[in-house]
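Undergrad: My questions will all concern the structure given below.
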Amino acid sequence: MGFRKDFLWGGATAANQCEGSYAEGGRGLANVDLLPQGADRMDVMTGHKKMFEFDQEHIYPAQTGIDMYHQYKEDIRLFAQMGFQVYRLSIAWSRIFPKGDEETPNEEGLAYYEDIFRECKKYGIEPLVTITHFDCPMHLVKTYGGWRSRKMLVFYERLCRVLFERYREYVKYWITFNEINMILHASFMAAGICFEEGEDEKQVQYQAAHHELLASAIAVKVGHGINPENQIGCMLAAGQAYPYTCKPEDVWEGLMMDRKSYLFIDVQVQGEYPAYGLKMMEREGVRLQMEEGDPELLRNYTVDFVSFSYYNSMCVSADPKLNEGIKGNIFETLANPYLLSSEWGWQIDPLGLRITLNVLYDRYHKPLFIVENGLGAVDRPDENGYVEDDYRIDYMREHIREMKKAVEEDGVEVMGYTSWGCIDLVSASSGEMKKRYGFIYVDKQDDGSGTLKRTPKKSFYWYKKVIESNGEVL
Ligand code: BGP
């Protein structure tokens, strides 16, 4: 049995975490450029500290990334050497529309990604394109307040149309928004929203999410219209929420936590807000402004597949005293005493991936795509830049094993697996370089120093075998 023959193995990156060259090629400034390294990062990300310009006190790692803007040919060649069948990447919106609201796209930006796709094609690598991986042109943030404005629909549609038309012959797998539920946890990073003092944040977040949901439906409509072969998916930050105990109140909290993660995906897959979601918003005093035609748009243009990131499961209790959470991918969760943690406190739970796959498949009956998974760890290269990353291999082996069980034993339909940060890149939550996920070591350090030299790690050769054997040799 095993994985299907056309199972897609590969890796994932996001423009702002690897490209660098933030002002080259006519690119405009984006929200993600302004996320500083260090203590202020979280407040900026969540929209509680306004940072609309660079200052001298901070390091802004997205400005330089890992210089993939210039080195993509070499990087894709290395991906091909591992046998990648798919490469998930994102488009920097402000390379295509530097301000976001122009009528005409920036040819240099379009040509740049076209070249990347050509390069992929050369090696038979299928691109999986995230249209928006957290980025939003700063001009749209300053002028319209990011996704809090309904005007974003027009600009996003324009972006999608240009991408679908221009890359018609190169790309058929698309994701509309990366981790759409992140809008509730990191509103500036995910949706270009900066909060005003004393404003009702929930109202802003849910309204902005509604705009993104409409935009996602528009993308499906336009994308299918331009090329019926396009497969357009949604994406969530997943990870099953476990009740801390079998106390019914804890189980209830687990259900609530999961619903918060699933609400937007329910809309994207099922075409309408679920009853619990409407009630929840009502309870929280959120009044969603819907316009005529919104329900039809959501109903008629649902997604083709469900993709997700999985790093850890979560754990929740009804007891407020216990709620001194640890961090797990920006979400607050309790420490699960049965699990070990990564160096960043993210709890490692391979079986949680199988559970998550099953829950998502039961809920949506749609093909699933694991588009992020991996271990962020400190690597210690030898004098040649080589890293023996057995810890990463162990992590991935265990997760792939559980994904395999979900496929073989549970019958879950999985389209593919792209590990996160297949080449070392800037961490989204911390802005660090030292939190590395890659099969390829990049000599770039947190202070910006380093030669940028790429060196395959031990996991590079391990993953090559995994791909070659379609997941049989682990
Ligand atoms: C997800 C994001 C990615 C990525 C990943 C790992 O939330 O989609 O952009 O960075 O998490 O997180 P981190 O980089 O914080 O370790």
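The values are calculated or read from the model by the stated rules, or taken from the named source; none is laboratory data. Everything quoted here is computed from the prediction, not taken from an experiment. Using ideal geometry, Cβ is built from the backbone for each residue, glycine included, and neighbour counts are taken over all protein chains shown. Calculation scope for accessible area: heavy atoms of the full protein, side chains included, ligands and nucleic acids excluded. Shrake-Rupley method; radii C 1.70, N 1.55, O 1.52, S 1.80 Å.
Undergrad: With each label point set 7 Å from Cα along the Cα-Cβ vector, what nm distance links TYR338 and ARG168?
TA: 5.3 nm
Undergrad: Which helices, taking whole DSSP H runs in the chain, have alpha carbons extending 15 angstrom or more along the helix axis plus mean Kyte-Doolittle at least -1.0?
TA: 68-82, 152-166, 201-226, 248-270, 350-364, 458-468
Undergrad: Ok, one more. Could you tell me the accessible area of ASP424 in Å² (1.4 Å probe, neighbours in place), rounded to the nearest ten?
TA: Roll a 1.4 Å probe over it and ASP424 shows about 0 Å².
Undergrad: Also: Kindly flag which residue pairs out of LYS49/LYS260; LYS49/LYS321; LYS73/LYS366 have an alpha-carbon separation exceeding 32 Å in this structure.
TA: Long pairs (Cα-Cα over 32 Å): LYS73/LYS366.
Undergrad: Before rounding to the nearest 500, sum -39500 (n - 2.57) across all DSSP H runs of length at least 4 in the chain and divide by the residue total; then give [θ] at 222 nm in deg cm²/dmol.
TA: Values: 15 runs with 182 residues, N = 474.
Only helices count here, giving -12000 deg cm²/dmol.
Undergrad: A follow-up question, please. Note down, for region 1-123, the three equivalent ellipsoid semi-axes (square root of 5 times each alpha carbon gyration tensor eigenvalue), biggest first, whole angstrom.
TA: For region 1-123, the ellipsoid semi-axes come out as 30, 19, 13 Å.
Undergrad: Quick one: Karplus J couplings for region 338-348, per residue in order, coefficients 6.51, -1.76, 1.60, θ = phi - 60°, nearest Hz, x for Gly and Pro?
TA: Using θ = phi - 60°, the values come out as 8, 10, 8, 10, 6, 5, 9, x, 7, 7, 8 Hz.
Undergrad: On to the next question. Once you have a ≥ b ≥ c as the square roots of the Cα gyration tensor eigenvalues for region 216-287, tell me rounded if a/c is under 1.5, and otherwise prolate or oblate according to whether a/b is larger than b/c. Can you show the working numbers first?
TA: Values: a/c = 4.22, a/b = 1.96, b/c = 2.15.
Since a/c reaches 1.5 but b/c is at least a/b, the shape of region 216-287 is classed as oblate.
Undergrad: Still on this model: Give the shape of region 97-236 as rounded, prolate or oblate, defined through the alpha-carbon gyration tensor: a ≥ b ≥ c are the square roots of its eigenvalues, a/c under 1.5 means rounded, and otherwise the shape is prolate if a/b is larger than b/c and oblate if not.
TA: prolate
Undergrad: Something else now. So what is the orientation-averaged projected area of region 274-344, using the convex hull of its C-alpha atoms, in nm²?
TA: 7.9 nm²
Undergrad: Okay, next question. Give me the tail of P(r) for region 307-446 as a percent: Cα-Cα pairs with distance above 18 Å.
TA: When every Cα pair of region 307-446 is considered, 59 percent fall beyond 18 Å.
Undergrad: Given a 1.4 angstrom probe, what's the average accessible area per residue across region 128-280, in square angstrom?
TA: Normalised by residue count, the accessible surface of region 128-280 is 33 Å².
Undergrad: Check GLY11: other-chain or 5+ apart residues with amide H under 5 Å from its amide H, H built from backbone geometry?
TA: Those lying under 5 Å, H to H, from GLY11 are VAL86, ARG88, SER419.
Undergrad: For a quick size check, give me the Cα extents of the chain along its three principal axes, largest first, whole Å.
TA: If we take the Cα atoms of the chain, the spans are 58, 56, 49 Å.
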